[in-house]
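K.L.:
Take a look at this one; I'll ask things after.
The values are calculated or read from the model by the stated rules, or taken from the named source; none is laboratory data. Since we're looking at a predicted model, the values are computed, not measured. Reconstructed Cβ throughout: ideal geometry from the backbone, glycine too, with neighbour counts over all protein chains shown. To get the accessible areas, we keep the full protein, side chains included, count just its heavy atoms, and leave off ligands, DNA and RNA. Shrake-Rupley method; radii C 1.70, N 1.55, O 1.52, S 1.80 Å.
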Amino acid sequence: MLFSDISVIDHLGQSWEHMYLATAGNSIVWLDSQPPPAELVEGGEVYDGKDKVLLPGLYNMHCHVPMTLLRGYGEGLPLQRWLEEKMYPFEALMDAEDMYWGTLLGVYEMLASGVVSFSDMYMRLDGIFQAVLESGIKANLNNPLTGDDNTDIRRDIAYLEVEQLIKDCATTEGRIIAEAGLHAEYTSSERVVRDVVAWAKEQNLQLQVHLSETQKEHEECKQRHQGLTPAAYLDSFGFFDQPTVAAHGVYLEDQDLELLREREVTIAHCPSSNLKLGSGIASVANFLRHGVAVTIGTDGAASNNNLNMIEEISLAILLAKGVNRDPSLMVATDILPIVSSNGAKAQGRCDCGSLEVGARADLFVLNLARPHLQPVYDLAANVFCSGQSADVVLTMVDGQVLYRDGSATFIDLERVLFEVNRIRAEKLRQLS
Ligand SMILES: [Zn+2]
């Protein structure tokens, strides 16, 4: 496919007009201000780039994708009641087929906002895996461990599901990656943390964890563990010896950030979820000051309430500027690596996340011929501060168009909407 005469913003935040980008197979084979030689793009589609801008595909680095089924359920409750009275009882009724439909709904939303890959924590992984496989998107999946001193993780369903997922992923050529997960310090005993670390090392799995999301979690950890913060506590078990994505980090202290930088941990900043659940506002400016790798995640749709990455990025930009009273923060050269190459690196995808010849053809195109996107002085500002996900007209993963002009290639939206409403009605009946 040849994107002809199109504006481009790359993974470093540099932008150009009148560019030519060609893909062949799963890779980018040409990126230049001159058209490629005819033989390079012979027989492929030519995409007219007039009034369009092409960017590297976005990475949604923290999600619980089937929670689309719980969107808007239990609104207005404080966190603990929201979890115990609404989320947990509903989730206990969800089977693998429910996960499949909830995942397709969530992946549709993500593709429609330029996302090419996501990191996810949830259960009944077979249903999630099947939906991800069919949709064409990339994902790093895990079912996070929790438990007390009596928990033998190797008998736990979360462990068994991930072990099966490792086998299932072997045939996906790296498109879907199995990871180990620890839900959080406050939901795990020392034994569980130690065993998860040993397992991750044994199987060489990357890790995902919720870290210092709320003040309560952060302070109670210090009380429980002789002043150790959640980051310091996990580090004492060698947790960060494996590549790790830590979600939230709202209450990370300066010494935690030094530790995370040294251990090359990536933070998934989830501003909407932190605001909605009243957790607070993470200091991205401080993360960047300490040189910690930052990415952005939507979290699940129950605490957001959507999986719209364009909106999430826009919010992250505004919050960083506002909270720090510094409009120079989060300009294009900060944002683009955060939403593309940092995510690819954290997911262990070394040939992804950049717009350059030889990289995987993971990208999205936005239509600039919209009233709120004209005129253009600063292309990246128009995309992320004026843009809406409805302006996304094409999303490509591994050289394959997965979303175009309002439709996902491999997801039947009408069927998905029917199924999720069937599931909603069934669950409400069972819960009443
Ligand atoms: Zn989460």
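K.L.:
Yes or no: residue 351 outside the structural domain of residue 245 (by TED's automatic domain parsing), more than 23 Å from residue 298 (Cα to Cα) and of a type in the set (D, E, K, R)?
P.N.:
Here the answer is yes, as residue 351 does meet what is asked.
K.L.:
Continuing with this model, one more query. Which of the following residues is under 20 Å from residue 136 (Cβ atoms) and under 15 Å from the mean Cα position of the chain (by Cα): 360, 349?
P.N.:
Checking each option against the conditions leaves just 349.
K.L.:
What do you reckon, is residue 32 open to solvent by 40 Å² or more (accessible area, probe 1.4 Å) and in contact with a Phe, Trp or Tyr (Cβ under 9 Å, 6 or more places away or on another chain)?
P.N.:
So residue 32 passes the test.
K.L.:
Then there's this: If we only count helices (runs of 4 or more DSSP H) wholly inside the stretch 244-352, which ones have 3 or more residues that are within 16 Å of the ligand (Cβ to nearest atom) and under 17 Å from residue 215 (Cα atoms)?
P.N.:
Correct list: 271-276.
K.L.:
What number of residues within the stretch 225-241 satisfy the criterion of being in a loop (DSSP other than H, G, I, E, B), surrounded by 16 or more Cβ atoms within 10 Å (Cβ to Cβ) and of a type in the set (Ser, Thr, Tyr)?
P.N.:
Adding up the residues that qualify gives 1.
K.L.:
In the stretch 116-135, what count of residues is obtained for those that are of a type in the set (Gly, Ala, Ser), assigned to a helix (DSSP H, G or I) and closer than 29 Å to residue 54 by Cα?
P.N.:
Within the stretch 116-135, residues that are of a type in the set (Gly, Ala, Ser), assigned to a helix (DSSP H, G or I) and closer than 29 Å to residue 54 by Cα number 2.
K.L.:
What number of residues within the stretch 365-395 satisfy the criterion of being in contact with a Leu (Cβ under 8 Å, 6 or more places away or on another chain), over 14 Å from residue 110 (Cα atoms) and of a type in the set (D, E, K, R)?
P.N.:
Qualifying residue count for the region: 0.
K.L.:
Given (1) away from the ligand (no atom under 16 Å from the Cβ); (2) part of a helix (DSSP H, G or I), where does residue 28 come up short, assuming only one miss?
P.N.:
For residue 28, the failing item is (2).
K.L.:
Could you please tell me which pairs satisfy a Cβ distance under 6 Å, a separation of 6+ or placement on different chains, a first residue in the stretch 298-311 that is outside the structural domain of residue 373 (by TED's automatic domain parsing), and a second residue that is among the basic types (Lys, Arg) and modelled with pLDDT of 95 or more?
P.N.:
Filtered contacts from the stretch 298-311: 301/71; 305/71.
K.L.:
Which pairs turn up if I take residues in the stretch 372-390 that are within 17 Å of residue 336 (Cβ to Cβ) and look for partners that are polar (S, T, N, Q) with beta carbon separation below 7 Å, at least 6 apart in sequence or on another chain?
P.N.:
376/382; 379/7; 379/15; 380/15; 384/314; 385/314
K.L.:
A further question on this structure: I'd like to know if the stretch 216-230 contains one or more residues that are within 16 Å of the ligand (Cβ to nearest atom) and under 25 Å from residue 59 (Cα atoms).
P.N.:
no
K.L.:
Filter the stretch 53-94 down to residues that are touching a residue at least 60 places away in the same chain (Cβ under 8 Å), away from the ligand (no atom under 16 Å from the Cβ) and over 17 Å from residue 431 (Cα atoms), then give me how many there are.
P.N.:
Residues meeting the conditions: 7.
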